[in-house]
Structure formats: structure tokens, C-alpha cells
Amino acid sequence: MKAPQQTALIRCRDSEGAVPLIMSFRGDYRFLSNFYRAHVFLPAESVLLQGRKKHLNLPHMTFNSVENAYMAWKSPDVAVRQQIKDMSPHAAKELSQTEEFVAAHRADYSDEARITTMLMLVRQKFLSPENAALADMFLQRAASATLIEGTTWNERFFGFCIKTGVGQNYLGRILMTVRDELRVREGMCPLLEKPVLPKAVLER
């Protein structure tokens, strides 16, 4: 089974010329998971309601994990967002997979919007002062490895399905992008030879 193609975009190699690889966000790398506790937020915004020519003003809202914040972002309903805020990350993910929830997605839901939002939240997780301990963990435990969110449940957009060998690994790409931003902030050289996220997302 081959890892996603973007692994070749990492400069850093070990003494034998191999690229270090992390394919599971568990154990010592649990902090890379979206379920890991972190202070993040969704900014106040105005969203267009599905099937209507009407905008709804959504308030600034804080969350205790990227998973909760991302799932709440999908909904334009303030009450649903509050419900997700109070859930465990696992429960928030389960709710987001229900037919009723999916049918009520925000009108501007798209792959580009998904990547842009996840990038915003992961930046908050590792670059904001409130999460300084996580930034330290990132540079100490995963300073140069290629990061792949290996899954066994056929997640092929943000992850890479180990069973099928298929996946775009956008969470891994986002983590490596944010790690480079963190490395530059700390006076270290970036590792990616070229961007691994869509140009439209990086230019937002």
C-alpha cells in the first residue's frame, strides 16, 4: 500500500534518507486529532439560508475541540451549534452524519469551504497563545514527519483509508501547512517544498 503522494513534498529525511511517517493520530500523536481538547472558535458571520434569499447573523462561539467547532460550522442554526458545543467530539461527529443534519447544511457548504474552515481551526489550535502547550507538543513530537490521518472507516477527504489505500488526506496536509507556519514563527525553516493545499484556500 502506498501512502498519499504528498509525502514526497517533505524535505526533511532521517540519517538513512527516509521520510519519517506518522499514519495514526493516537498514543503520543493523539494531540494531532481533531478530538483533542483545544481552545478554538467560530467567528461571527452572516450566512445565507438554504433555499431562501435571507441572511442569518451567527454569533462568535467558542469550542473545546476542532471537531466540535467544525461540525457546528456546518449548521446555520444557532441552537444546533450550541447543542454541538455542549457535546463530546464523538457525539458531535455522530450528529453530523444524520440525514436531518446533512439536509440542513449551510448554503455555502463546499469542499473549498470545508478545507478553508478546517485550516482556520487548526491554525487556532496550534498558533494561538491559548494553546501554547499544543504548539510545543507539535514541534517536540512531530517536528518533521509526514502526517497522514490514517483511518479504517473509509474517510477519504480529510483522511486516508488504510483499508482501501485511497484518500486525499486534507487534514494531514493542513497539519503540515500549519506546522510550517509554526516552524517559521519559531525561527526554523519550513519543510514543504511546495503548497499541499488548493491555491484558492491559501489566498483567502
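Each reported figure results from applying straightforward, stated rules to the coordinates on display, with no laboratory input. Please read these numbers as outputs of a predicted model, since none were measured by experiment. Cβ placement follows ideal geometry from the backbone for every residue including glycine, while neighbour counts extend to all protein chains displayed.
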Return the ratio Rg/(2.2 N^0.38 Å) for the stretch 40-109, where Rg is computed over Cα atoms only.
1.03
What number does the chain give for Rg over Rh if you use C-alpha atoms and the Kirkwood radius?
0.97
With labels modelled as points extended 7 Å from the Cα through the Cβ direction, what inter-label distance (nm, one decimal) is found for Glu112 paired with Trp153?
2.9 nm
Counting other C-beta atoms within 10 Å, which of Val19, Val122 has the fewest, and how do the rest follow?
Val19, Val122
Only Cα pairs under 8 Å and at least 6 apart count here; give the relative contact order of the chain as a rounded whole percent.
23 percent
Residue among Met120, Met61, Met188 with the largest mean-square fluctuation in a Gaussian network model of the chain, springs linking Cα atoms under 10 Å
Met188
Near the amide H of Leu58, under 5 Å away, which other amide H atoms are found, from residues 5 or more places off or on another chain, if H is placed in the peptide plane?
Glu45, Ser46, Val47
So, in nm, how far is label Leu56 from label His39 when the simple model puts each one 7 Å beyond its Cα toward the Cβ?
2.9 nm
Mind checking the full-extension length gain between Ser128 and Val102? Use 0.36 nm per residue of separation minus the Cα-Cα distance, one decimal, nm.
6.3 nm
Using 7 Å Cα-to-Cβ label points, what is the Glu94/Glu193 separation (nm, one decimal)?
4.5 nm
